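Reviewing the structure listed below.
The values are calculated or read from the model by the stated rules, or taken from the named source; none is laboratory data. Please read these numbers as outputs of a predicted model, since none were measured by experiment. Quick reminder, even Gly has a Cβ in these numbers, built from the backbone with ideal geometry, and neighbours come from all protein chains shown. Areas reflect the complete protein model, heavy atoms only, side chains present, ligands, DNA and RNA absent. Shrake-Rupley method; radii C 1.70, N 1.55, O 1.52, S 1.80 Å.
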Amino acid sequence: MSEFSRVAVTDEAAELLRQLTGQHGPLMFHQSGGCCDGSAPMCYPVGMYMLSAVDVHLGSLHVDGLEPIEVYMSESQFEYWKFTHLTIDVVDGRGAGFSVESPTGKRFLIRSRMLTDDEVLHFGLLGERAAGR
């Protein structure tokens with residue numbers, strides 16, 4: 001596993017993912033781009049969300065005891081977020097409509113930070129940052 005990743009998960013979110021995987025089987029995330037669910041990370045059982053050719057694989061969450069959990073977002077949204085590292089966390093509250101945590105009284109959310117210089121270099125974005133894109 002590379003030391004560089006665009007995505008991570010907090011310990012609290014990892015614990016909820018272990019519980020939800022026990023109920024629903026393997027899971028995946030799609031970072032919502034707005035509309036009804038704002039910009040919530042949506043968690044689905046694998047196969048319940050149809051990815052398209054314009055979805056970008058951001059990376060995999062590594063949670064002890066589980067298979068890697070894939071994280072995606074639309075290509076158009078990725079253009080806005082490509083210099084950002086995303087961490088999936090969980091807080092009290094009602095989850096987004098179709099996301100599997102919705103009935104638990106918890107909801108997933110994204111915490112973000114700008115990529116470090118080393119990450120920008122690793123992901124091949126140095127020229128884009130220098131050009132102001």
Search segment 80-126 for residues being part of a helix (DSSP H, G or I), more than 19 Å from His24 (Cβ to Cβ) and without any contact (Cβ under 8 Å) to a residue 60 or more places away in the chain, and hand back the single one that is most open to solvent (accessible area, probe 1.4 Å). Tyr80
Considering only segment 37-49, I want to know if a residue exists there that is open to solvent by 30 Å² or more (accessible area, probe 1.4 Å), in a loop (DSSP other than H, G, I, E, B) and of a type in the set (Phe, Trp, Tyr). yes
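Please indicate, with yes or no, whether at least one residue in segment 60-70 is at pLDDT below 95 and out of contact with any Lys or Arg (no Cβ under 8 Å at 6 or more places or on another chain).
So far as segment 60-70 goes, no, none of its residues is at pLDDT below 95 and out of contact with any Lys or Arg (no Cβ under 8 Å at 6 or more places or on another chain).
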How many residues does segment 53-67 contain that are open to solvent by less than 60 Å² (accessible area, probe 1.4 Å) and outside any strand (DSSP E or B)? 2
Given (1) open to solvent by 40 Å² or more (accessible area, probe 1.4 Å); (2) touching a strand residue (DSSP E or B) at 6+ places or on another chain (Cβ under 9 Å); (3) touching a residue at least 40 places away in the same chain (Cβ under 8 Å); (4) among the hydroxyl-bearing types (Ser, Thr, Tyr), Ser76 misses just (2)
